[in-house]
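Here the structure comes first, spelled out in structure tokens, and everything after it is commentary.
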Amino acid sequence: MILHSFRSIALAGLAFCVLMMAVALGLEHIGGYEPCPLCIFQRVAVIAAGIVFAIAAIHNPAGRVGKVIYGLLSLAAVGAGVFVAGRHVWLQSLPADEVPSCGPGLEYMMDILPMRDVVSMVLNSSGECANIDFSLLGLSLPAWTLIGFAILAIAVLRMLVLAVRQR
């Protein structure tokens, strides 16, 4: 009932992104869990999706084209998050002897390498990301993040359905 308007879905998506970031920052600053490079990339995807949801809610375009554009931008951010979180869950599921070697620290890579190379190195050689430091109900934090992105994807698909059905 409540999620029948474009703005309400965008606001719900924004609220969920804020919740995801609050949990991540709480675990880092209160729980003492240091984020690995893939965790940081997932945070970037959450923030990007949140920004798109916020702008979509503020703008609340009347036309179908604007709504579809915001839906596709949200879908791109959420899709990137699904990809990174899925990669992270996959890395954590590997046997210890198949885990790639750890790369240099993210800050160091960001200082000396172009962003394209940083992304490539993090996605291909993040052995430190295979460690499971936190789990809840048998699922690691990246698995929970993947579930969060799936929920956001449902919101985005609802936005797109509303946009397409608009006359």
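Computed quantities for the displayed model
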{"quantity": "Selection from segment 131-167 of residues that are touching a Ser or Thr at 6+ places or on another chain (Cβ under 6 Å) and either under 13 Å from residue 89 (Cβ atoms) or among the basic types (Lys, Arg) (or both)", "calculated": "132"}
{"quantity": "Test: residue in segment 42-50 that is polar (S, T, N, Q), touching a helix residue (DSSP H, G or I) at 6+ places or on another chain (Cβ under 7 Å) and surrounded by 14 or more Cβ atoms within 10 Å (Cβ to Cβ)", "calculated": "yes"}
{"quantity": "Within segment 29-74, tally of residues that are touching a Pro at 6+ places or on another chain (Cβ under 6 Å) and over 15 Å from residue 13 (Cα atoms)", "calculated": "0"}
{"quantity": "Total residues in segment 24-39, condition among the hydrophobic types (A, V, I, L, M, F, W, C), assigned to a loop (DSSP other than H, G, I, E, B) and free of Cβ contacts under 8 Å to residues at least 24 places away in the same chain", "calculated": "1"}
{"quantity": "Residue list for segment 1-22, restricted to those being in contact (Cβ under 8 Å) with a residue 60 or more places away in the chain and either aromatic (Phe, Trp, Tyr) or in a helix (DSSP H, G or I) (or both)", "calculated": "6, 9, 10, 12, 13, 16, 17, 20"}
{"quantity": "Cross-chain or 6+ apart pairs with Cβ under 9 Å, segment 71-82 first and free of Cβ contacts under 8 Å to residues at least 60 places away in the same chain, then buried (at least 17 other Cβ atoms within 10 Å of the Cβ) and among the acidic types (Asp, Glu)", "calculated": "none"}
{"quantity": "Filter result for residue 8 (hydroxyl-bearing (Ser, Thr, Tyr) and more than 23 Å from residue 141 (Cβ to Cβ))", "calculated": "yes"}
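Where a number appears in this text, it was derived from the coordinates with a stated rule and is not lab data. Because the structure is a prediction, the values reported are computed rather than measured. Using ideal geometry, Cβ is built from the backbone for each residue, glycine included, and neighbour counts are taken over all protein chains shown.
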